[in-house]
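The values are calculated or read from the model by the stated rules, or taken from the named source; none is laboratory data. Model, not experiment: these values are computed from the prediction. Glycine also receives a Cβ, built like all others from the backbone with ideal geometry; neighbour counts cover every protein chain displayed. With ligands, DNA and RNA removed, areas are computed over all heavy atoms of the protein, side chains included. Shrake-Rupley method; radii C 1.70, N 1.55, O 1.52, S 1.80 Å.
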Amino acid sequence: MAAACASASIVEYFGGEDGYRCGYCKSETGNLSYGMWAHSMTVQDYQDLIDRGWRRSGKYVYKPIMNQTCCPQYTIRCQALHFQTSKSHKKVLKKMLKFISKGDVSKVGSGEEPMDSHIEDVVACDFAYKSESHVAQSEPNPLSQWITQRVDHTEKVENEDEDTGETKEEVNVPEVESSSPQISVDEGTAVPGEPSHSAKACHAPPKPGKGADLSKPPCRKAKDIRKERKLQKLLQNQMCRAEGSQLQAGDQLSLLQNSKSKVNQPKTIEDFIFVSLPDDAQHKLEVRLVPVSFEDPQFKSSFNQSATLFAKYQMAVHKDTPSECGENEFTRFLCDSPLEAENAPDGPECGYGSFHQQYWLDGKIIAVGVIDILPYCVSSVYLYYDPDYSFLSLGVYSALREVAFTRQLHEKAPELCFYYMGFYIHSCPKMRYKGQYRPSDLLCPETYIWTPIEQCLPLLEHSKYCRFNQDMKAVDEGGVKELGRVRVLHKRTVMPYSVYKKRRKGPSDEASVQQYASLVGQACSERMLLFRS
């Protein structure tokens, strides 16, 4: 039983935070969230948490209070298997190809990416400062004293719940590395979009039905439309002449669809990424996946170079001082992760957990995408890159590579088929670019049901906070149903809340535990260990 708990998630719940400064609308106290510190976390627990609106920033896990916060943040996921490259996406892929093969450094529009990851990390940093104060108040606590010690024996206690006379087995939790909360970085926006708001293009409002309207399908090339119309006309003429062999309506539709697919077969991301380069290519680009672990030789050997690049990026893009982006800060920001690495027979060969996807150009790192590989998705955490190469639109390029990487992992792990981009914030125009990665879904903040973004956008135009599930009778199916079954870690022992409640001395904490359980859901509340002093 003790061995089974070796991979248990251990969390400290802080409740709803006081209002703090919003990085989107700049409100001083409008940003509100729930938060908890994850001493350790399984990939399945984190997958279930982000599917209920949570995100991690370092080891701090938080969930916006959607109906109160000034800028509601909706979890967004891209259906990687059906992803369709837009015109702007293809431009970025072609630009990288030209640079690698011919050394072409011509810039398309502005060399600076306006929708970079720093837009969201302002918020995440505030989260961590608050979480640090929470834990500081509680230390020294029993958790910090015993969490690094391995207890080999198993203790049994009688279940004191009056409803049942069963004996519950309580297990002492094995060794877990303890750490104090750190300042954190961006929670999930490693995918800046293409410039769409230049001063020159904004002199006049677009006409109705035209422009970059995300609620409409992407524009098609005129030549493809002409070809399709010509084929339609040809097919109609052929069907009119075919006496005695009339085609059924279904056959006509099938024939028309087949003709369309032959006419317009757009290139996939892989067609651009894995194209054969000439022998005399000017540059060599290699993407390496490195586990976030100081025990990994590749991670350890590239740490200094990666940390130096991080500092260069932070100072150039975020205007940080050298003391704000040193090696310690880099480690806390992007190397500390609560996720426990896992391998499964039907999982990806690289396993699950936290990784750095390093982009090596001619022998040096020019960008690093921080990602989490989870049972059903690749979750983007952060991206930093060499500002000298901003003309390559590395934010967009890395996002497209991560979509392709998700599809690659799906071949070995069939359930892994989504690419999570963090939060979509419709009330902040600069953050709407994530909606351009189609097809995408937004998470309903009340029922936690995924809804196609096309159905959500009209609702968000009327109200910044929306319930996307239009079935008013629908409820949160994963919500807490039995509070007594919430797992609690108290005095080195795991027990159900029903037992802990009777042992607890002092004022009742039932309201806090009830809130925690309702936010993480019944499944996670019965797996994760909620630390109580």
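Numbers for the structure displayed
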quantity: From 62, 34, residue being closer than 20 Å to residue 517 by Cα, in a strand (DSSP E or B) and open to solvent by 10 Å² or more (accessible area, probe 1.4 Å); calculated: 34
quantity: Boolean, residue 500 is crowded, with 19+ Cβ neighbours inside 10 Å, closer than 21 Å to residue 519 by Cβ and not hydrophobic (A, V, I, L, M, F, W, C); calculated: yes
quantity: Close pairs (7 angstrom Cβ cut-off, 6 or more residues apart or separate chains): assigned to a helix (DSSP H, G or I) in the stretch 85-109, surrounded by fewer than 16 Cβ atoms within 10 Å (Cβ to Cβ) and modelled with pLDDT under 95 anywhere; calculated: 91/108; 95/108; 97/275; 98/104; 99/105; 100/277; 101/277; 101/278
quantity: Condition broken by residue 511, with the remaining ones in (1) of a type in the set (A, V, I, L, M, F, W, C); (2) free of Cβ contacts under 8 Å to residues at least 60 places away in the same chain; (3) open to solvent by less than 10 Å² (accessible area, probe 1.4 Å) satisfied; calculated: (3)
quantity: Residue list for the stretch 37-59, filter: out of contact with any helix residue (DSSP H, G or I) (no Cβ under 7 Å at 6 or more places or on another chain) and in a loop (DSSP other than H, G, I, E, B); calculated: 51, 53, 54, 59
quantity: All helices (runs of 4 or more DSSP H) inside the stretch 211-300 with 3 or more residues being at pLDDT 60 or above and either closer than 30 Å to residue 342 by Cα or open to solvent by less than 70 Å² (accessible area, probe 1.4 Å) (or both); calculated: 222-241, 269-273
quantity: Hey, residue 439 closer than 21 Å to residue 85 by Cβ, touching a His at 6+ places or on another chain (Cβ under 9 Å) and surrounded by fewer than 18 Cβ atoms within 10 Å (Cβ to Cβ) or not; calculated: yes
quantity: Residue list for the stretch 40-55, restricted to those being under 23 Å from residue 351 (Cα atoms) and open to solvent by 10 Å² or more (accessible area, probe 1.4 Å); calculated: 42, 44, 48, 51
quantity: Verdict on residue 19 being over 20 Å from residue 468 (Cβ atoms), open to solvent by less than 10 Å² (accessible area, probe 1.4 Å) and either out of contact with any helix residue (DSSP H, G or I) (no Cβ under 8 Å at 6 or more places or on another chain) or touching a residue at least 60 places away in the same chain (Cβ under 8 Å) (or both); calculated: no
quantity: Filter result for residue 372 (within 26 Å of residue 92 (Cβ to Cβ), touching a strand residue (DSSP E or B) at 6+ places or on another chain (Cβ under 9 Å) and of a type outside the set (A, V, I, L, M, F, W, C)); calculated: yes
quantity: Lone qualifier among 320, 296, 336 - being under 28 Å from residue 39 (Cβ atoms) and touching a residue at least 24 places away in the same chain (Cβ under 8 Å); calculated: 336
quantity: Count of residues meeting criterion [in contact with a strand residue (DSSP E or B) (Cβ under 7 Å, 6 or more places away or on another chain) and surrounded by fewer than 17 Cβ atoms within 10 Å (Cβ to Cβ)] in the stretch 442-469; calculated: 1
quantity: Selection within the stretch 470-492 - touching a strand residue (DSSP E or B) at 6+ places or on another chain (Cβ under 7 Å) and open to solvent by 10 Å² or more (accessible area, probe 1.4 Å); calculated: 484, 485, 487
quantity: Residues of the stretch 80-106 classified as more than 20 Å from residue 421 (Cα to Cα), open to solvent by 50 Å² or more (accessible area, probe 1.4 Å) and polar (S, T, N, Q), total; calculated: 1
quantity: Residue satisfying all of: in the stretch 333-354; open to solvent by 10 Å² or more (accessible area, probe 1.4 Å) and in contact with a Leu (Cβ under 7 Å, 6 or more places away or on another chain); nearest to residue 287 (Cα to Cα) among these; calculated: 350
